[in-house]
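One structure is given here, and the rest of the page talks about it.
The values are calculated or read from the model by the stated rules, or taken from the named source; none is laboratory data. In this text the structure is predicted, and so the values were computed from the model without any measurement. All Cβ positions, glycine included, derive from the backbone under ideal geometry; neighbour counts span all protein chains shown. All accessible areas refer to the heavy atoms of the entire protein, side chains included, with ligands and DNA or RNA removed. Shrake-Rupley method; radii C 1.70, N 1.55, O 1.52, S 1.80 Å.
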Amino acid sequence: MSSKSIANEECAMMQEEEWEVLKSIYPDVCISNDTGPFGRAIKLEIPVELSPARSVTILSPQNHSHTSPLTALPPFLLALILPPEYPLRAPPRITSLTCTHGWYPSSDLHKQLAGMWTHDSQGVLYAWVAFISGAEFLEPRNITIINPSPLILLPLLESYNAHAQDSAFAETSFPCAICLSARKGRHCVRLACTHIFCRSCLSDFWGSCIREGDIGRVVCPDPVCVKAGHEAGEEDIARVVDEEEVRRWKWLRAKRALERDPGMVHCPVALCQTPVPSPEEDEESGWGRLRTCPRCEFAFCAFCRRTWHGPINECPLQVTESFVMEYVELAEGDARRVEIERRWGRRNVERLVLKYEEDRLTREWISRCSMSCPGCGVQVEKSVGCNHMTCIKCQQHFCYLCGEKLPASEPYKHFNTIGMNCFEKLFDDSLV
């Protein structure tokens, strides 16, 4: 046997050994290894991993740039032939080098790979794979890619990056803080807070809370999140529980929000009774009383529960006075009080009670410090002078002390007639 044949057999053994080592380290990279007329035909699909995440900028020739943080870039498909003399006397011959979406010029990488083989090399395939997968051919920090269509290329890179992250997550084992066992990512769920749990454990826990109506416990079970009181969002809920439980969770959350709303009232339409939340308008203004039922679209006043009468007009007193007087007379914490607050809205009741108290004090002051005109009913206050009054509105003469009408021709006879209640009381005693 010639020395050349012996050398080729040695190269063949080295090629086989190199392939087996490469498959053991990068099993997903090795696609095929076929024997051909010119040597071994090998195909490798090499992903580019960026760890930690690096900023990737796509720059157009017109200097339009778009940037995104990525942890992976689309793979390179490397087709090569190992000649019989490889690796001792001849380098591998690259027949094809392409990258998905054409994000990097293959000619530049081809030159860098070709320069890595030397005559004393014991094999270069592993070095090539490590060189490409470790992104050693790119800038060490922020990466800039020249491409004429940044708006097209960047979404493709982001989509691949998300897919690569999902794939890596599915194949990684994570400890579950609920069942205290390690499970593959494909059987787990990562919440928005980045904590990871078994999907089955979290589904059972959240599902039980939702069925019991205790949505305040539908949180990330991690102690940090439990202590912070951060409730799970709708996106996480939808990923864990079934559709019926999602609908019930939404309904319970809306119900809780309405119950916490002190200005919430129920639609006064007998066949509707839908809860109506507080408006976004300033509740101190007249418009703060306007409510529109989201179900039957009935517009009404939150105070009197009648058809909306505008922001200026006051509610008819008899409509609200009855339950306000009842509310004021009840003891604090009385069940009837709670029922009134629930029906009319606690904040509305508080404002009506405040208004009622103000009106009551005003009426008491008016009753104590003024006299009603017997002709037109307007209230008249006397500051100084005698008790003979003349209404400025209807010109009626009357006595400020007893309210009796006085004849315009003889208004003072009322004060000068012996036996009358107001005899000699034209002026108050304190002014005499």
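Results, tabulated for the structure shown:
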read-out: Qualifying residue in the range 251-273 (condition: touching a helix residue (DSSP H, G or I) at 6+ places or on another chain (Cβ under 6 Å), part of a helix (DSSP H, G or I) and buried (at least 19 other Cβ atoms within 10 Å of the Cβ)); value: no
read-out: Any hit, the range 311-321, residues being within 36 Å of the chain's Cα centre (by Cα), open to solvent by less than 30 Å² (accessible area, probe 1.4 Å) and closer than 21 Å to VAL269 by Cα; value: no
read-out: Residue check, ILE366 over 30 Å from GLN273 (Cα atoms), of a type in the set (A, V, I, L, M, F, W, C), in contact with a strand residue (DSSP E or B) (Cβ under 6 Å, 6 or more places away or on another chain) and at pLDDT 80 or above; value: yes
read-out: Which numbered condition GLY419 fails, given (1) under 28 Å from MET325 (Cα atoms); (2) loosely packed, with under 11 Cβ neighbours inside 10 Å; value: (1)
read-out: Test: GLU171 is open to solvent by 60 Å² or more (accessible area, probe 1.4 Å) and more than 27 Å from GLU20 (Cα to Cα); value: no
read-out: Qualifying residue in the range 110-118 (condition: under 20 Å from THR71 (Cβ atoms) and either touching a residue at least 24 places away in the same chain (Cβ under 8 Å) or small (Gly, Ala, Ser) (or both)); value: no
read-out: Count of residues meeting criterion [surrounded by fewer than 17 Cβ atoms within 10 Å (Cβ to Cβ) and assigned to a helix (DSSP H, G or I)] in the range 286-310; value: 2
read-out: Some residue of the range 19-36 being aromatic (Phe, Trp, Tyr) and either closer than 20 Å to GLU136 by Cα or surrounded by 18 or more Cβ atoms within 10 Å (Cβ to Cβ) (or both); value: yes
read-out: Residue ID - nearest to the chain's Cα centre (by Cα), chosen from residues in the range 134-164 that are more than 15 Å from SER60 (Cα to Cα) and open to solvent by 80 Å² or more (accessible area, probe 1.4 Å); value: HIS163
read-out: Of all residues in the range 81-103 being out of contact with any strand residue (DSSP E or B) (no Cβ under 7 Å at 6 or more places or on another chain) and under 30 Å from ILE143 (Cβ atoms), the one that is surrounded by the most Cβ atoms within 10 Å (Cβ to Cβ); value: PRO91
read-out: Residue, farthest from ARG186 (Cα to Cα), within the range 227-247, restricted to residues that are among the basic types (Lys, Arg) and surrounded by 11 or more Cβ atoms within 10 Å (Cβ to Cβ); value: ARG247
read-out: Qualifying residue in the range 356-372 (condition: free of Cβ contacts under 8 Å to residues at least 60 places away in the same chain, outside any helix (DSSP H, G or I), more than 59 Å from the chain's Cα centre (by Cα) and surrounded by 12 or more Cβ atoms within 10 Å (Cβ to Cβ)); value: yes
read-out: Output for the range 373-432, where each listed residue is part of a loop (DSSP other than H, G, I, E, B), in contact with a Phe, Trp or Tyr (Cβ under 8 Å, 6 or more places away or on another chain) and more than 27 Å from THR362 (Cα to Cα); value: THR417, CYS422, PHE423, GLU424, LYS425, LEU426
read-out: Test set (1) open to solvent by less than 70 Å² (accessible area, probe 1.4 Å); (2) assigned to a helix (DSSP H, G or I); (3) within 21 Å of TRP287 (Cα to Cα) - VAL328 fails condition number; value: (3)
read-out: Unique match (being closer than 30 Å to CYS201 by Cβ and within 32 Å of the chain's Cα centre (by Cα)) among ALA299, ALA257; value: ALA257
read-out: Flag for ILE58 being of a type in the set (Val, Ile, Thr), touching a helix residue (DSSP H, G or I) at 6+ places or on another chain (Cβ under 9 Å) and surrounded by 19 or more Cβ atoms within 10 Å (Cβ to Cβ); value: yes
read-out: Selected residue [touching a residue at least 40 places away in the same chain (Cβ under 8 Å), assigned to a helix (DSSP H, G or I) and basic (Lys, Arg)] from ARG343, ARG337; value: ARG343
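This table checks each residue for (1) open to solvent by 30 Å² or more (accessible area, probe 1.4 Å); (2) not in a helix (DSSP H, G or I).
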position: ASP166; (1), (2): yes, no
position: ALA177; (1), (2): yes, yes
position: CYS193; (1), (2): yes, yes
position: SER200; (1), (2): yes, no
position: ILE210; (1), (2): no, no
